[in-house]
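Some notes on the structure that comes next.
Laboratory data are not the source of any read-out in this text; all were calculated from the coordinates shown. Quick caveat: nothing in here was measured; it's all calculated off a predicted structure. Glycine gets a Cβ as well: all are built from the backbone with ideal geometry, and neighbour counts include every protein chain shown.
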Amino acid sequence: MVMMKPHIVLLPCPAMGHVTPMLQLANRLVLMHHCHVTFLHFTAEDDHRPHHLMNLPSSVTVLPLPLVDISALTTCDTPLFSRHCISVRETLLRSLKPTLLQHLQQTPQAFITDMFCTQALETCAQLAIPSYILFTTSALFLSFSLFFRDSADKPSGEFLQLPGGCKPLIIRTADLPLKYNLDDEWYRYHINRMPKASGILLNTFEELEPEPLRAIGENSFYKEIDTPPIFPIGPLVKETEPVCGSREECIMNWLDKQPSGSVVLVAFGSLGRLCAEQISELAWGLELSQQRFLWVARAEEEKDLPEGFAERTRGTGMVVDSWVPQVRVLGHVSTGAFLSHCGWNSVMESVCNGVPLIAWPLHADQMMNATMIAEEIGVAMKVKVFGREEIGRVVRGVMEGEEGKTVKERVKEVKESALKSLAKGGSSYETLDSLMLQCRK
Ligand code: BUP
């Protein structure tokens with residue numbers, strides 16, 4: 001009997017850290033789970049297919065959703081995240097249903113929306129399409145978000161306990177987002193809408209976060225607040241990445257000339273910005289560590305580098321302006337560690353390439369990610385006190401110290417379990433496969 005290919009529609013939020021895992025999910029659904037995929041994407045110009053969509057399998061249908069003008073709904077005081085959320089909301093309210101009605105001949109078997117595009121859940125209900133959410137950070141952060149979704153007060157005390165699986169999940173209050181989760185009406189809005197979905201897909205895997213996953217899946221607390229079933233299907237990480245243009249070629253050529261495992265990649269994600277003092281301390285810290293480095297800085301940050309830094313580190317360090325092919329750099333034999341803000345994609349990419357992390361979280365989920373990967377999973381060392389001595393000590397510790405050896409061994413083990421989980425028979429592969437089987441019915 002010939003089985004029909006399930007048709008899955010994907011909707012990523014327009015931000016690099018959200019589009020990347022959704023693209024990877026599209027690849028996996030087509031290449032490994034025999035699905036037909038329609039990939040919606042927000043665009044400023046409706047006839048333009050952005051560069052990052054070029055690597056999708058040719059069978060994927062790409063549909064643009066032109067972003068609507070929201071100038072009448074915002075003022076110059078509207079925070080950036082709210083502006084972003086309003087623009088997504090207005091576009092979805094006006095364009096999603098007509099776009100689906102115009103382009104889809106038959107009802108798809110499932111619609112997977114980003115965690116920050118939950119307005120799509122109503123459209124799916126109106127069109128009788130089963131809808132799922134892709135949550136793009138850790139299961140631990142999901143459990144925290146669900147637990148505190150109705151709470152108005154920041155918890156006091158050094159630690160807080162979340163309902164667990166076998167044991168409670170313990171979180172440091174110091175690791176809560178600075179702009180506390182629950183102060184942010186948009187974050188709370190999307191988290192509160194999760195029960196409307198048929199399931200939540202997570203960019204993590206069973207072997208990496210067994211306790212948080214068990215907690216959300218089994219603890220009665222989460223059932224009582226109508227948390228839908230969860231599906232850990234990660235890591236959703238690019239397997240290859242092209243080198244684009246002479247600037248990137250030059251970076252890769254420099255890496256080719258460095259000794260194996262000798263370079264620390266330093267990068268703070270698509271949104272991370274350091275202040276002048278942080279730039280200066282980081283530069284001094286890297287010098288003190290006496291390690292080779294490849295530092296992704298912004299043009300405006302480079303002016304805050306200490307005087308003479310470029311001359312003193314010539315040959316051993318490279319500061320590059322704005323962007324590197326991060327996955328490719330992490331996969332390069334010369335890369336020995338990753339000093340990172342611990343955005344969840346960066347964590348997953350580092351782990352999948354067997355590269356230990358030096359954790360310097362900045363905001364949002366990053367503090368919780370950093371503590372978990374350093375203290376629970378053991379693939380990172382954390383910069384605990386801000387300052388050049390500590391940065392130098394931790395960087396050197398990971399690259400050369402005894403503790404670094406343990407972290408390096410552990411990250412190789414976790415890399416193996418990540419690869420296993422994605423292969424046929426592995427936990428993430430089978431979870432996604434059985435979800436697709438369920439969708440076919
Ligand atoms: Br910087 C940089 N090249 O030079 P995260 C980042 N990236 O490919 P964020 C590059 O951006 P959220 C660079 O590989 C990763 O896929 C990197 O995502 C890529 O952090 C992505 O790590 C960054 O999740 O997103 O950007 O802060 O706020 O969603 O955590």
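I need the phi-derived Karplus couplings for the range 427-441: 6.51 cos²θ - 1.76 cosθ + 1.60, θ = phi - 60°, integer Hz, Gly and Pro marked x.
So the J values, rounded to whole Hz, are 4, 5, 4, 5, 4, 5, 5, 6, 5, 5, 4, 4, 5, 5, 6.
Nothing charged except the Cβ atoms of Lys and Arg (+1) and of Asp and Glu (-1): what's the magnitude of the dipole of the range 24-86 about its Cα centre? Round to the nearest 20 debye.
Approximately 320 debye in magnitude.
Which Cα, out of P163, F148, P130, lies furthest along the positive dipole direction of the range 125-241 (beta carbon charges, K/R +1, D/E -1)?
P130
Tell me, what is the percent relative contact order of the range 246-359, built from C-alpha pairs under 8 Å that lie six or more residues apart?
35
Set the Förster radius R0 to 30 Å, insert the Cβ-Cβ distance between E430 and H52 as r into 1/(1 + (r/R0)^6), and round the FRET efficiency to 0.05.
On the way: r = 29 Å, r/R0 = 0.95.
After rounding to 0.05, the efficiency reads 0.55.
Given the range 131-253, report the % of alpha carbon pairs whose separation exceeds 19 Å.
On the way: 4062 of 7503 pairs.
Across the range 131-253, Cα pairs with separations above 19 Å total 54 percent.
Per residue of the range 276-290, what does 6.51 cos²θ - 1.76 cosθ + 1.60 with θ = phi - 60° give for ³J(HN,Hα)? Whole Hz please, x for Gly and Pro, Karplus curve as stated.
4, 5, 5, 4, 5, 5, 5, 4, 5, x, 5, 5, 4, 5, 6
Would you mind putting 68-77, 184-193 in packing order, based on average other-beta-carbon counts within 10 Å, highest first? Don't skip to the answer; put the middle values down first.
Values: 68-77: 9.7, 184-193: 17.0.
Ranking, from highest mean packing down: 184-193, 68-77.
How high is the relative contact order of the range 305-441, given as a whole-number percent (alpha carbon pairs under 8 Å, six or more residues apart)?
Numbers: 142 pairs, mean separation 25.3, N = 137.
Computed value for the range 305-441: 18 percent relative contact order.
On the first, second and third principal axes, largest extent first, how far apart are the outermost C-alpha atoms of the chain in Å?
Reported extents, whole Å, longest axis first: 63, 54, 50.
Can you give the three extents of the C-alpha atoms in the range 354-403 along their principal axes, from longest to shortest, in whole Å?
Principal-axis extents of the range 354-403 (Cα, largest first): 29, 25, 15 Å.
On a C-alpha basis, how far is the centre of the range 103-154 from the centre of the range 163-226 in Å? Whole number, if you could?
13
Under 5 Å between amide hydrogens, which residues at least 5 positions from L169 or on another chain qualify, with H placed 1.01 Å from N in the peptide plane?
Correct list: L162, G164.
Roughly how many debye, to the nearest 20, is the charge dipole of the chain about its Cα centre, given +1 on each Lys and Arg Cβ, -1 on each Asp and Glu Cβ, and no other charges?
Details: 41 positive and 51 negative charges, 196 e Å.
Once rounded to the nearest 20, the dipole reads 940 debye.
Going highest first, how would you order 337-347, 251-261 by mean Cβ packing within 10 Å?
Working: 337-347: 26.8, 251-261: 14.1.
Output ranking for 337-347, 251-261: 337-347, 251-261.
Taking Cα atoms of the range 243-291, Rg/Rh with Kirkwood Rh, to two decimals?
On the way: Rg = 13.5 Å, Rh = 13.0 Å.
Computed over Cα atoms, the ratio is 1.03.
Pairs of alpha-carbon atoms within less than 8 angstrom and 6+ residues apart define the contacts here; what relative contact order does the chain have, in percent?
Values: 763 pairs, mean separation 62.2, N = 441.
Taking the mean separation of contacting Cα pairs over the length of the chain, I get 14 percent.
For the range 204-216, just list the computed ³J(HN,Hα) in residue order, Karplus coefficients 6.51, -1.76 and 1.60, θ = phi - 60°, integers in Hz, with x standing in for Gly and Pro.
For the range 204-216, the Karplus-derived couplings read 8, 9, 3, 6, 7, 10, x, 6, x, 5, 5, 4, 5 Hz, x marking Gly and Pro.
Would you check the range 160-282 for Lys pairs whose C-alpha atoms are within less than 27 Å, ignoring same-chain pairs closer than 8 in sequence, and give me the count? Walk me through the numbers on the way to the answer.
Working: K167/K223; K179/K196; K196/K223; K238/K257.
Eligible lysine pairs with Cα atoms under 27 Å apart amount to 4.
Give the aspartates and glutamates reachable from K154 as a straight Cα distance under 14 Å; neighbours fewer than 8 places away on the same chain don't count.
Within the straight-line limit of under 14 Å, K154 reaches these aspartates and glutamates: D175, D183, D184.
Quick query: amide H of V266 versus all other amide H atoms, modeled in the peptide plane; which residues come in under 5 Å with a sequence gap of 5 or more or a different chain?
It is L294, W295, V296, L339, by chain and number.
I need the peptides 85-96, 197-208 ranked by packing, meaning the mean over residues of other C-beta atoms within 10 angstrom, with the highest value on top.
Values: 85-96: 19.3, 197-208: 23.6.
Packing proxy ranking, top to bottom: 197-208, 85-96.
Using only the alpha carbon atoms of the range 307-441, find the Kirkwood hydrodynamic radius as the inverse mean reciprocal pair distance, in angstroms to one decimal. Can you show the working numbers first?
Numbers: mean 1/r = 0.0606 Å⁻¹.
Value: 16.5 Å, from the Cα pair sum.
Say the dipole of the range 265-370 comes from +1 at the beta carbon of Lys and Arg and -1 at that of Asp and Glu; which of A283, S334, G315 then lies farthest toward its positive end?
S334
Could you tell me whether the range 1-133 comes out rounded, prolate or oblate from its Cα gyration tensor? Rule is a ≥ b ≥ c as square roots of the eigenvalues, rounded for a/c under 1.5, then prolate if a/b exceeds b/c, otherwise oblate. Intermediate values should be presented prior to the final figure.
Numbers: a/c = 2.07, a/b = 1.61, b/c = 1.28.
Judged from the Cα gyration tensor, the range 1-133 comes out prolate (a/c at least 1.5, a/b above b/c).
Using amide H atoms built 1.01 Å from N in the peptide plane, name the residues 5+ places from V37, or on other chains, whose amide H lies under 5 Å from its own.
I8, T61
Residues with beta-carbon under 12 Å from that of I170, excluding I170: net charge, scoring Lys, Arg +1 and Asp, Glu -1? Before the final figure, lay out the partial values.
Numbers: positive: K167, R172; negative: E158, D175, E211, E375, E376.
Residues near I170 contribute -3 overall.
Using the Kirkwood radius over Cα pairs, work out the Stokes-Einstein diffusion coefficient for the range 48-100 at 10 °C and 1.306 mPa s, in µm²/s as a whole number.
Using the Kirkwood radius from Cα pairs, D works out to 122 µm²/s.
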